[in-house]
Structures are given as C-alpha cells and as structure tokens.
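The values are calculated or read from the model by the stated rules, or taken from the named source; none is laboratory data. Not measured: the values here are computed from a predicted model. Cβ: placed from backbone, ideal geometry, glycine included. Neighbour counts: every protein chain shown. These accessible areas exclude ligands, DNA and RNA; they are computed on the full protein's heavy atoms, side chains included. Shrake-Rupley method; radii C 1.70, N 1.55, O 1.52, S 1.80 Å.
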Amino acid sequence: MDQAEREDLLLAVQRVMARSGRLPVAADLADMVHKPLPDVIEFLSRLTDDGEVNVANDGSVRLTSRGEAAAAVVMKKHKV
C-alpha cells in the first residue's frame, strides 16, 4: 500500500462516517476507493497494525484517534 492508497482509505472511512452516520465495512470502502475487496482487506490489516483503524468482529471499520489525526492532516493538505 502506497501513501496515496493509505490516505484514500483513511478519508473514505471518515467520509462514510460523516455522511451516513454509520461505520463502513470493507466492501463500502472498496467501492469508494475503486479497489478490489481483497486489496482493501489487506490495506485495512496494515492500517490496523499501524494503529490507525480498528476492525470489529462484525467487519465495521472505525478510525482510532491516531487514524483521525492522520485523516485530519490529509484533509488539511488537500484543502490548501
């Protein structure tokens, strides 16, 4: 997973939560970032290992405080 893919996935999690008020699952994120589901599952595993997301037993994805901070940096970078 390169930096752009990481950023896209963090923002996708944040967008689903902000727009729908629900936690996304990997299939939602795969649709949003236009990546195959197995790739997104692998990316989520890496983000989990890095402490940026948590994936619950039901498959829902939540940003950790570290992930929220990283997503905020990306949002700020793209707004400039």
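A few points about this structure:
- C-alpha long axis of helix 37-49 to longest principal axis of the chain, angle in °: 70
- Surface composition of segment 2-80: carbon plus sulfur atoms contribute 52% of the solvent-accessible area (1.4 Å probe, protein chains only, all chains present).
- Stokes-Einstein translational diffusion, the chain - Kirkwood Rh over all Cα pairs, 0.890 mPa s, 25 °C, in µm²/s: 199
- Within the chain, the trypsin sites (Lys or Arg not before Pro) that combine a DSSP coil assignment with at most 12 other C-beta atoms in a 10 angstrom radius are R22.
- Aspartates and glutamates with Cα under 15 Å of K76, excluding same-chain neighbours fewer than 8 positions away: E7, D8, E68
- Relative to the Cα centre, the charge distribution of segment 1-42, modelled as +1 at Lys and Arg Cβ and -1 at Asp and Glu Cβ, gives a dipole magnitude of about 300 debye.
- Cβ-placed point charges (K, R +1; D, E -1), dipole of the chain about Cα centre in debye, nearest 20: 440
- Surface exposure of the chain, expressed per residue as accessible area with a 1.4 Å probe, stands at 61 Å².
- Contour minus Cα-Cα distance for D50 and E5 (0.36 nm per residue): 14.8 nm
- Spin-label model distance (nm) - D39 vs N57, 7 Å beyond Cα toward Cβ: 3.2
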